[in-house]
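First up is the structure itself, then whatever we jot down about it.
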Amino acid sequence: IHESDSAPGRSNLWAAKFAKRIAVSFEEAGQFFPKGKVAWVGQPIRQELQKTVKEGVYEYLKLDPNIPVILILGGSLGAEIINNVIIEALPDLIKKYQIIHQVGKKNLEEVNIRTELILKNNPNKDRYLVYPFLDSLALKMSAGAASLIISRAGSMIFEIASWGVPSIIIPITSSHGDHQRKNAFNYARSGSAIVIEEINLTQHLLFAEIEKLISNPAKREEMSKDALKFARSDAASKIAQELINIALSHEK
C-alpha cells in the first residue's frame with residue numbers, strides 16, 4: 001500500500017495489517033505503521049507534470065517577462081476562501097505582479113463578475129489571468145513562468161516540489177484527520193514553503209508574505225533547492241520495483 005498524507009486514513013491503517021510493504025510520501029507517516037514494513041519513498045507524480053515548460057511561455061500566456069508571476073491553485077474545483085482573499089487583494093497585487101488564477105469551474109462566473117467590478121478602469125487589469133481549470137500543458141507553462149505558487153496542501157504539494165518553485169501553502173481547516181494542515185507544516189519544515197492557516201488568512205497578511213518572498217531572490221533560490229530535494233522524483237519507480245519484487249517472490 002501507499003500512504004500519500006502525513007496522517008493515514010482508516011483504509012490504509014486497516015490494510016497495513018495485511019500489507020507486505022508500506023510506502024509513505026511523508027517521512028512522518030511512517031510512525032503509524034509497523035516499522036519493518038515501511039519505506040519513505042515520496043509521492044509518485046504524473047509523468048506529464050514532472051517538468052515545467054519555460055520556452056515560449058511568456059508569448060503563449062501573453063505575459064510580460066519583466067514582471068513577476070504568481071500562480072494560484074485551489075485544486076481543480078478551486079478554493080473559495082483563497083479566491084475571495086485574492087480578489088480583495090487584486091488592486092494591490094497587479095500593481096507589481098502578474099496573476100494566473102485557477103478558480104474552479106463552478107466559481108468562474110462569480111469571480112469574473114467580481115473582478116470586472118473591482119478592476120474596472122484599472123490600467124493593470126490585463127495582469128490578472130483567470131482560468132476555470134489548467135490542463136497539463138497550461139499548468140506546466142504557468143509553473144515555468146511562476147516566481148511563487150499559492151496552493152492547498154493535498155498531493156499538489158509534490159508537483160510543486162518537483163517544479164522547484166517556492167510556495168505559500170494554505171491548508172484546508174476541515175480536512176479528514178487534519179491531514180492537510182499536517183502535510184503543509186511537514187512540507188514547510190523542509191524549507192520549501194511557508195504556511196498560512198485559514199484562520200489567519202487575510203488579504204493584508206497574504207500580500208505581506210508575497211512581498212517578503214518576491215523581494216528576496218536569495219531566499220526563493222534556497223527554497224527552490226529544498227523543494228527539489230523534497231520531491232523524490234524516483235518515487236514511482238521505487239514503488240513499481242517493489243511490486244515486481246513481491247510478484248516474483250510468488251513464482252514457483
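The values are calculated or read from the model by the stated rules, or taken from the named source; none is laboratory data. As the structure is a computational prediction, the values presented were derived from the model and not from experiment. Cβ sites come from the backbone with ideal geometry, for glycine too, and all protein chains shown count toward neighbours. Each accessible area value is taken on the protein alone, full model and side chains, heavy atoms only, with ligands, DNA and RNA left out. Shrake-Rupley method; radii C 1.70, N 1.55, O 1.52, S 1.80 Å.
Selection of first residues in the range 38-58 that are on the phi > 0 side of the Ramachandran plot and of second residues that are among the aliphatic types (A, V, I, L, M) and outside any helix (DSSP H, G or I), restricted to Cβ pairs under 9 Å at least 6 apart or on distinct chains, gives the following pairs, ordered by first then second residue: Gly42/Ala23; Gly42/Val24. Take the conditions (1) under 13 Å from Ser147 (Cβ atoms); (2) at pLDDT below 95; Ile214 misses just one of them, which is (2). Among residues of the range 211-223 that are over 23 Å from Ala89 (Cα atoms), those with a Cβ under 6 angstrom from a residue that is surrounded by 13 or more Cβ atoms within 10 Å (Cβ to Cβ), sequence gap 6+ or separate chain, pair up as Met223/Pro166; Met223/Ser192. For the range 70-169, the helices (runs of 4 or more DSSP H) that sit wholly inside it and include 3 or more residues that are touching a residue at least 60 places away in the same chain (Cβ under 8 Å) and within 15 Å of the chain's Cα centre (by Cα) are 136-145, 156-163. Being within 21 Å of Phe158 (Cβ to Cβ), of a type in the set (Phe, Trp, Tyr), open to solvent by 20 Å² or more (accessible area, probe 1.4 Å) and in contact with a Pro (Cβ under 6 Å, 6 or more places away or on another chain), is that true of even one residue in the range 37-55? So far as the range 37-55 goes, no, none of its residues is within 21 Å of Phe158 (Cβ to Cβ), of a type in the set (Phe, Trp, Tyr), open to solvent by 20 Å² or more (accessible area, probe 1.4 Å) and in contact with a Pro (Cβ under 6 Å, 6 or more places away or on another chain).
Scanning the range 170-216 for residues that are of a type in the set (A, V, I, L, M), open to solvent by 40 Å² or more (accessible area, probe 1.4 Å) and within 14 Å of Ile86 (Cα to Cα) yields a total of 2.
Scanning the range 219-252 for residues being at pLDDT 95 or above, more than 25 Å from Ser4 (Cβ to Cβ) and open to solvent by 70 Å² or more (accessible area, probe 1.4 Å) gives a total of 3.
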